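Here, each number is a calculation from the coordinates, and none is a lab measurement. All of these numbers come straight from a predicted model, not from anything done at the bench. A quick note on method: Cβ atoms are made from the backbone with ideal geometry, for glycine too, and the neighbour counts reach across all protein chains shown.
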Amino acid sequence: MKRLTGIIILWLFIGSCAKEVKNEEEVYFNDFETNKIEGIGNAILENYNGSMVLGRYNASGFDLNLSNLPNHKLVEVSFDLYIHDSWEGNKVSGGVDGPDIWKFMVDGFLYVNATFSNENCNNSGFCPPQSYPSDFPNAYNNPKTGAANPNLPGVCSLSGKIGGTTLYKIKKIIEHSKSTLLMQCRDQLTQTNTSDPKCNESWSVDNIRVKVINL
């Protein structure tokens, strides 16, 4: 009798947790090491820090189109975002060098609309802010807040207080059930006082992974 009671309790426990179980399936992964660009509009491939990346971009971006997705309720999109060189974050200077905004969209819906700053704190202790991990213009966080690695080499040789590359790990779980998916990344970079804007500030991505999830 005790054994039967235990089985019934276990069955009730499993039944109550069934909706929490996730059935995940990876439908796309690209680390760009084999120069695979199928389904990517405006693809640019470049070697950065010993690895192939999608980019670099300035005043531009790319589209990733996926189709024939299996039945699902959610999608999980993750990738590495590299912020290269002299991003000035929330800075507003009459349209000369900021704000520097980066955007991530799925099926036309905006999921990241943030500024990034690669500046250092000055002698007075002021740190030119960025909005990330919040959206612009609603936050003033210290430069490189939320970074996975704030000390990677820059692409162009820059001296002074601005430069280097910062790595961010982006991951979004989105309600989604269509058989197609459009992922878009764009920037709104402002740098009018340089002859080479792309060298001054740019961005790239790597290790794009898309999973579909059923609950």
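Annotation for Lys169 and Lys36: the two label points, set 7 Å from Cα along the Cα-Cβ direction, are 2.2 nm apart. In region 42-92, which GluC sites (Glu not before Pro) are in a loop and have at most 14 other Cβ atoms within 10 Å, using DSSP for the loop call? In loop regions of region 42-92 (DSSP not H, G, I, E or B), there are no sparsely surrounded GluC sites (Glu not before Pro). Placing a label point 7 Å from the Cα of Asn23 along the Cα-to-Cβ direction, the residues of region 197-215 whose backbone N falls under 17 Å of that point are 211-215. As a length-normalised measure over Cα pairs under 8 Å and 6 or more apart, the relative contact order of region 90-211 settles at 28 percent.
If you take the Cα centroid of region 22-65 and the Cα centroid of region 192-207, the two points sit 17 Å apart.
Compare the Cα positions of Gly39, Phe126, Val75 along the charge dipole of the chain (+1 at Cβ of Lys, Arg; -1 at Cβ of Asp, Glu; about the Cα centre) and return the one farthest towards the positive end. Comparing the listed Cα positions along the dipole, Val75 ranks first. Under the rule that an exposed site lies in a DSSP loop and has at most 15 other Cβ atoms within 10 Å, name the longest stretch of the chain with no trypsin sites (Lys or Arg not before Pro) of that kind, not counting the sites themselves. That would be 74-160.
Multiplying the residue separation of Asn214 and Ser67 by 0.36 nm and removing their Cα-Cα distance gives an extension gain of 51.2 nm. Estimated from helices alone, the mean residue ellipticity of the chain at 222 nm is -2500 deg cm²/dmol (sum of -39500 (n - 2.57) over DSSP H runs with n ≥ 4, per residue).
Label point of Cys156 set 7 angstrom out along Cα-Cβ; within region 192-215, amide nitrogens under 15 Å from it belong to 192-204.
Close amide H pairs (under 5 Å, H built 1.01 Å from N) link Ser202 with His84, Ser86, residues at least 5 positions away or on another chain. Once the C-beta distance of Thr180 and Ala139 is scaled by a Förster radius of 35 Å, the resulting FRET efficiency is 0.60 to the nearest 0.05.
Just Gly61, Gly41, Gly125 to compare: in a GNM of the chain, with alpha carbon springs under 10 Å, which one fluctuates most? For the chain, modelled as a Gaussian network with Cα springs under 10 Å, the answer is Gly125. The stretch between Phe109 and Asn49, if pulled fully straight at 0.36 nm per residue, gains 18.4 nm over its current Cα-Cα span. Note: relative contact order over the chain, using C-alpha pairs below 8 Å and six or more positions apart, is 34 percent. The tail of the calculated P(r) for region 59-215, taken as Cα-Cα distances beyond 29 Å, holds 21 percent of the pairs.
What the phi angles of region 203-213 give under the Karplus curve with 6.51, -1.76 and 1.60, with θ = phi - 60°, is a coupling list of 8, 8, 10, 8, 6, 6, 9, 10, 10, 9, 10 Hz, glycine and proline written as x.
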